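Colleague: Once you've had a glance at the structure underneath, I'll fire off some questions.
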Amino acid sequence: MKVAVLGAGVAGVAVAYYLWRDGHEVTVLDRQPGPAMETSFGNAGGLCPSFAGPWAAPGMVGKVLKMALQRQAPIRFSFAPNPRKLAWLARWLGNCTAERFRDNKLRMQRVAHYSDACLRELADSGLPIEFDHHRDGTLQVFRAQADMKAVPAITRALDEFEVPWQLLDASGVRRLEPALASAQAPIAGALYLPLDGSGDSHKFANDLAAYLASQGVTFRYGARVSALARAGDRIEGIRIDGAAGLLAADAYVVALGTQAPFLLRPLGLKLPVYPLKGYSITARITDDARAPRAAIMDEYNKVMISRLGDRVRAAGMAELKGYSLAVDPGRVAFLAGVVREWFPQGLDLDGAQPWAGLRPMTPDGPAILGKTRYANLFLDCGHGSNGWTQACGTGKIVADVVAGRTPEIDLDGLTADRYA
């Protein structure tokens, strides 16, 4: 059948791949001039199923307020009385309980590890896709002994979700990651998560989109979708700005990140997805021996540093302040300063490329997948800060649902029904 995918970020391109693999005639629409030009462009690069979990957690309110007092607060928020933001925050607060955190963490772990297996299969399939993929794990580094007090709680959660880990002292950290030998930041210890990896989601989406286009998948860039036209319990077509008539298909998949709620609200579908703004810088490596292999998570600053081929990317921050994509020079300078503390040599930080993007967050954490009240409308939305980690898995899940197959993992707590 004919399937239209709305959105050519990493989630949209991944679902297009699985739909094409099923034999469907696929058209992908995106307002940008190419794939993965928004949230998927400059994310942290980490493929981290071990880290997958909700932002809503017990004690998180206090942590947010404490972090907000830091000189360069990892988390910032605006008190402007925006109704959508306040509604999202109310739902988020309701999920900051131990019971809901555990349920949502289990759901996100289920998707993340399934997605990791899907990505490995795709990467090993022989397709002409190069995205600086490597699997050197993640080092969650703690700067002070006081910060190490959090380790038992973290490792209990890792054990519950059957995630392997190693606890390293400072010398063990430097043995595992020799590039940290010259670090100026203090190291009290670290958790090493060997299942994790890194890769460039922008490269992945571009190479996969190019391959799909060569196989007959249609990509329409610069196509701004203004509305979905409905007829009874079905969608009959897509309205595109500047185009006459409707673009019709048999099925429609919405993978529009933070823009999904605006398109779906006129249909009576109210998705609680709100943007959490993040920043990154990407720097060229000038001395390979002084650049990291593993991904480094600076726990105090909530900054992840990932190796992407001949580049290193540092990403972090969480700003609940609306839809602006303006790049704050202070945030960029802060990221560069954090990287210099860990890797004072070997990177061209003065020439680093800055970026800001919007993570499409749900208040409970898991993405929103699968069916809607409209028989031929499907969702692949709300991936939050785990979009790159989860994209292949959610793409396979949604393709299965479109085809009428039972997905390979349980969809409990992963559909829009949880907000009904």
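The values are calculated or read from the model by the stated rules, or taken from the named source; none is laboratory data. Just so you know, these numbers come straight off a predicted model, no measurement behind them. Reconstructed Cβ throughout: ideal geometry from the backbone, glycine too, with neighbour counts over all protein chains shown. For accessibility, only protein heavy atoms count, side chains too; no ligands or nucleic acids. Shrake-Rupley method; radii C 1.70, N 1.55, O 1.52, S 1.80 Å.
Colleague: Normalising by the residue count of the chain, find the relative contact order in percent from Cα pairs under 8 Å and 6+ residues apart.
Modeller: Values: 933 pairs, mean separation 112.8, N = 420.
Answer for the chain is 27 percent.
Colleague: Starting from 0 in steps of 20 Å, tell me what percent of the Cα-Cα pairs of the chain lands in each bin.
Modeller: 27, 59, 14, 0
Colleague: Quick one: helix 10-21 against the long Cα principal axis of the chain, what's the angle to the nearest 10°, folded into 0 to 90?
Modeller: Roughly 50 degrees between the two axes.
Colleague: Compute the acute angle (0 to 90°) between the alpha-carbon long axis of helix 151-160 and the principal axis of greatest extent of the alpha-carbon atoms of the chain; round to the nearest 10°.
Modeller: On a 0 to 90 degree scale, this one is about 40.
Colleague: Order the following by accessible area, largest value first: 282, 97. Probe radius 1.4 Å; ligands, DNA and RNA are ignored.
Modeller: In descending accessible area the options line up as 97, 282.
Colleague: Next up: Give me the aspartates and glutamates in straight-line cross-link reach of residue 270: C-alpha distance below 16 Å, same-chain residues under 8 apart excluded.
Modeller: Those aspartates and glutamates meeting the cut-off are 364, 380, 417.
Colleague: Right, next: With the dipole of the chain worked out from charges on the C-beta (+1 for Lys and Arg, -1 for Asp and Glu) around the Cα centre, which of 393, 5, 363 lies farthest toward the positive end?
Modeller: 363
Colleague: Something else: Sorted by packing (mean other beta-carbon atoms within 10 Å per residue), highest first, where do 404-410, 19-25 land? Each step should come with its number before you reach the end.
Modeller: Details: 404-410: 12.0, 19-25: 17.6.
Descending packing order for the listed peptides: 19-25, 404-410.
Colleague: Here's something else I'd like to know. Binning every alpha carbon pair distance of region 129-224 at 10 Å from zero, what are the percents per bin?
Modeller: 14, 31, 23, 15, 15, 2
Colleague: Can you list the cysteines of the chain that have no other Cys Cβ under 4.7 Å away?
Modeller: Cys with no partner Cβ under 4.7 Å: 48, 96, 381.
Colleague: Further question on the same structure: Given Cβ point charges of +1 (Lys, Arg) and -1 (Asp, Glu) and nothing else, what value in debye, to the nearest 20, does the dipole of the chain about its Cα centre take?
Modeller: Details: 47 positive and 42 negative charges, 278 e Å.
Using only the charged Cβ atoms, the result is roughly 1340 debye.
Colleague: Compare the peptides 270-276, 344-350 by average per-residue count of other Cβ atoms within 10 angstrom and give them in order, highest first.
Modeller: On the way: 270-276: 21.4, 344-350: 15.6.
Highest-to-lowest ranking by the protection proxy: 270-276, 344-350.
Colleague: Share of antiparallel DSSP beta bridges in the chain, in percent to the nearest 5?
Modeller: Looking only at bridges with both residues in the chain, the antiparallel portion is about 70 percent.
Colleague: Okay, next question. Please determine, in degrees from 0 to 90 and to the nearest 10, the orientation of helix 387-402 with respect to the longest principal axis defined by the Cα atoms of the chain, where the helix direction is its Cα long axis.
Modeller: 20 degrees
Colleague: Sticking with this one: Give the value in nm², to one decimal: projected area of the alpha carbon convex hull of region 345-420, averaged over all directions.
Modeller: 7.6 nm²
Colleague: Using C-alpha positions alone, give me the convex hull volume of region 273-420 per residue in cubic angstrom.
Modeller: Cα-based convex hull of region 273-420, divided per residue, equals 140 Å³.
Colleague: With only Lys, Arg, Asp and Glu charged, each at its Cβ (+1 for the first two, -1 for the last two), find how big the charge dipole of region 148-214 is about the Cα centre; round to the nearest 20 debye.
Modeller: Rounded to the nearest 20 debye, it is 260 debye.
Colleague: To one decimal place, what orientation-averaged projected area in nm² is obtained for the convex hull of the Cα set of region 255-350?
Modeller: 7.7 nm²
Colleague: Ranking request for peptides 235-244, 295-304: highest mean number of other beta-carbon atoms within 10 Å first, then the rest in descending order.
Modeller: 295-304, 235-244
Colleague: Just report the Cα centroid separation between region 344-420 and region 231-300, whole Å.
Modeller: Centre-to-centre distance over Cα atoms comes out at 9 Å.
Colleague: Next question. What is the Cα centroid distance between region 46-89 and region 141-160, reported in whole angstrom?
Modeller: 19 Å
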